[in-house]
Amino acid sequence: MTESYQAILTLKEQIQNSVIGQEHVVDALLLSLLTNGNVLLEGLPGTAKTRSIKSLAKTLSVTLGRVQFTPDLLPSDVTGTEVYQEVDGKPLLTFQQGPIFNNLLLADEINRSPAKVQAALLEAMEERQITVAGKTYKLPELFMVLATQNPVEQEGTYPLPEAQMDRFLMKINIDYPDSAAEKQIIALVRGEEVSVKSEVNQVDPEHIFNARKQVHKIHMSEAVVDYIVAIIMATRQPDTYSDSPLSAWINVGSSPRASIAIDKAARAHAWLKGKDFVDPDDVRSVVYPVLRHRLVLSYDALADGISPDQVIDEILNQVAVA
């Protein structure tokens, strides 16, 4: 067990100490961190979306920028803008950095701002840089966009376009905790209100970069690669499975980004489990958060109340393990 592996386990433990009943959210945040990806968290208010992100930033001791997305937000409110100044009596334009120039960017309720603001994140999410007034600015080496949205309140929202959704490594659905976790949450918050804040065992961000190198070395056999490709092709060519309703459910399949994302996430999942190889179970463990936002369902599927997760269930039932 390497020092970086132990550090990631410590990071996981620290986040779970402040986020009760949402272990799958913590795992997804770690997988995205290990694969240099971005995360979309979808859940009702009060399900610890923001708390999870703040806990991650605190434990890693990295900077966190938060933007509350609203209809009147401007792209420059996110990226920054050039400001006119006078220096020694001479006019000068200097670039004032926006909140995107942090290690972690919390895009809170991202679907409440129009497309031009959402689009301001596209270059940053893909290339880890932004361009303002024809000049390109590099973002921090450790950078991740963590966006949240509410699945219920759709009035006054602007649904994310497919191009934006495709840039999120994972989409995590967050439900309410069960009764046991609810009791623990009450006790946790009550304790935070009356006691001095406990010390956090912070993790050096350098361990993240070391862990990424180790994840990259995890072995994946040709058979597992074929399995990933077969899953993706099932989303694009659902007619292949004539005895399945997939062709009636899927309107548009997943892009090559989905294949890349499954490959990276499956390696990271295997690494977190202490393995040095990827097996089909690792693939199946990550395929839901990787694919659920990359499928465009047909009108019939939506009318029948078919969810993306049900479509993925059917894909996994139809696609044989090589």
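Residues of the range 56-80 that are open to solvent by less than 60 Å² (accessible area, probe 1.4 Å) and either of a type in the set (V, I, T) or in contact with a Cys (Cβ under 8 Å, 6 or more places away or on another chain) (or both): T59, V62, V67, T70, V78, T79. Counting only residues that are surrounded by 21 or more Cβ atoms within 10 Å (Cβ to Cβ) and either modelled with pLDDT under 95 or farther than 29 Å from P161 by Cα (or both), the range 296-318 holds 1 of them. Restricted to strands (runs of 3 or more DSSP E) entirely inside the range 100-139, those with at least 3 residues that are open to solvent by less than 40 Å² (accessible area, probe 1.4 Å) and not polar (S, T, N, Q) are 104-108.
Total residues in the range 121-156 satisfying the condition of being over 19 Å from the mean Cα position of the chain (by Cα) and either modelled with pLDDT of 90 or more or of a type outside the set (G, A, S) (or both): the figure is 11. Right, G37: touching a residue at least 24 places away in the same chain (Cβ under 8 Å), open to solvent by less than 10 Å² (accessible area, probe 1.4 Å) and either assigned to a strand (DSSP E or B) or charged (D, E, K, R) (or both) or not? Taking the combined requirement at face value, the residue does not satisfy it.
Step by step: first the residues of the range 232-244, then only those that are touching a residue at least 24 places away in the same chain (Cβ under 8 Å) and over 23 Å from the mean Cα position of the chain (by Cα), then the one that is most open to solvent (accessible area, probe 1.4 Å). Which residue is that? So, considering only residues that are touching a residue at least 24 places away in the same chain (Cβ under 8 Å) and over 23 Å from the mean Cα position of the chain (by Cα), the one most open to solvent (accessible area, probe 1.4 Å) is Y241. Residues being open to solvent by less than 30 Å² (accessible area, probe 1.4 Å) and aliphatic (A, V, I, L, M) are entirely absent from the range 82-89.
For first residues located in the range 113-141 and more than 24 Å from P159 (Cα to Cα), partners that are open to solvent by 70 Å² or more (accessible area, probe 1.4 Å) and aliphatic (A, V, I, L, M) and lie 6+ apart or on another chain with Cβ distances below 9 Å form the pairs A133/L93.
Within the range 151-182, the set of residues being in contact (Cβ under 8 Å) with a residue 60 or more places away in the chain, of a type in the set (V, I, T) and more than 17 Å from L291 (Cβ to Cβ) comprises V152, I174. Summed over the range 72-88, the residues that are in contact with a Leu (Cβ under 9 Å, 6 or more places away or on another chain) and either of a type in the set (A, V, I, L, M, F, W, C) or at pLDDT below 90 (or both) give a count of 7. Of all residues in the range 252-285, those satisfying the criterion of being under 16 Å from D226 (Cα atoms), in contact with a His (Cβ under 9 Å, 6 or more places away or on another chain) and not charged (D, E, K, R) are F277, V278, V283.
Quick one: would you say F95 is part of a loop (DSSP other than H, G, I, E, B) and more than 20 Å from L41 (Cβ to Cβ)? Spelling it out, it is not the case that F95 is part of a loop (DSSP other than H, G, I, E, B) and more than 20 Å from L41 (Cβ to Cβ).
Screening V152 with (1) closer than 21 Å to E23 by Cβ; (2) not in a helix (DSSP H, G or I) gives one miss only, at (1). Looking at D166, D175, just one residue is acidic (D, E) and surrounded by 13 or more Cβ atoms within 10 Å (Cβ to Cβ), and that residue is D166.
Look at (1) within 30 Å of E141 (Cβ to Cβ); (2) open to solvent by 20 Å² or more (accessible area, probe 1.4 Å); (3) touching a helix residue (DSSP H, G or I) at 6+ places or on another chain (Cβ under 6 Å) and you find that A248 fails only one, number (1). Each residue in the range 196-216 was checked for being more than 17 Å from K12 (Cβ to Cβ) and either modelled with pLDDT of 95 or more or under 22 Å from the mean Cα position of the chain (by Cα) (or both), and 4 pass. One residue alone among V224, V229, V189, V215 is of a type in the set (A, V, I, L, M), within 30 Å of L142 (Cα to Cα), assigned to a helix (DSSP H, G or I) and open to solvent by 50 Å² or more (accessible area, probe 1.4 Å), and that residue is V229. Within the range 62-92, being without any contact (Cβ under 8 Å) to a residue 12 or more places away in the chain and in a strand (DSSP E or B) holds for Y84, Q85, E86, V87, K90, P91, L92. Is it true that P151 is touching an Asp or Glu at 6+ places or on another chain (Cβ under 9 Å), open to solvent by 20 Å² or more (accessible area, probe 1.4 Å) and over 30 Å from K275 (Cα atoms)? Yes: the conditions hold for P151.
The values are calculated or read from the model by the stated rules, or taken from the named source; none is laboratory data. Remember, predicted model here, so these are calculated numbers, not experimental data. We place every Cβ from the backbone using ideal geometry, glycine too, and count neighbours over all the protein chains shown. For the accessible areas, the whole protein counts, side chains as well, though only heavy atoms, and no ligand, DNA or RNA atoms are used. Shrake-Rupley method; radii C 1.70, N 1.55, O 1.52, S 1.80 Å.
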